[in-house]
Amino acid sequence: MFTPDQTLQALLHRTVEQAVRYGKTLVLVTPPELRLQPAFFVSLGHAWQQANASHTDAGIASTQTGISIPRLRVDWCSDDSTTMSLTGWLDRLHTRKCERWLRRERLSDCVQLSRCLLIGKASQQTSTVVMGIAPEGRPLPAWGTAVPMQC
């Protein structure tokens, strides 16, 4: 049985692998009843930092060693028909809440949330790694690799 930390680490490993090896963006496809909470993004940020721990030298900050930790950009798709509705407004409010949690945990330097209509294409350069989140039924771009989430 996987622990949440192991699951997030496996997800992040696969995200990087898809980007670097195949030029694809890994997309978590969420069921309609699932709303990702700020704690998910904080855990994701901590797992990202842990996965990149090898970039620091015995606890010395990466800015001092000249090695920068790549940033994880999470493109969080919203339904384009609701961006101007109450639901779209609530989605933006929820995103800001998640961003505040990331700032409070000092993770905003390594994890960036982006509400979007289209998930970005992965770059094979690892300065920024893109991961997508989209609701079920949302068409994905050709460069997206779907990973369905289940409740």
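Using DSSP to call loops (not H, G, I, E or B), can you name the trypsin sites (Lys or Arg not before Pro) in segment 84-119 whose Cβ has at most 11 other Cβ atoms within 10 angstrom?
When the trypsin sites (Lys or Arg not before Pro) of segment 84-119 are filtered for loop state and at most 11 Cβ neighbours within 10 Å, Arg106 remain.
Counting only Cα atoms, I'd like the Rg/Rh figure for segment 84-151, Kirkwood definition for Rh.
Over the Cα atoms of segment 84-151, Rg/Rh equals 0.98.
For Val130, list long-range residues whose amide hydrogen, built 1.01 Å from N in the peptide plane, is under 5 Å from its own amide hydrogen.
Residues meeting the amide H criterion: Arg73, Ser123.
Bear in mind that the values in this text are calculations on the coordinates, not laboratory data. Worth saying up front: this structure is predicted, and the values here are computed from it rather than measured. Cβ atoms come from the backbone with ideal geometry, glycine included; neighbour counts cover every protein chain shown.
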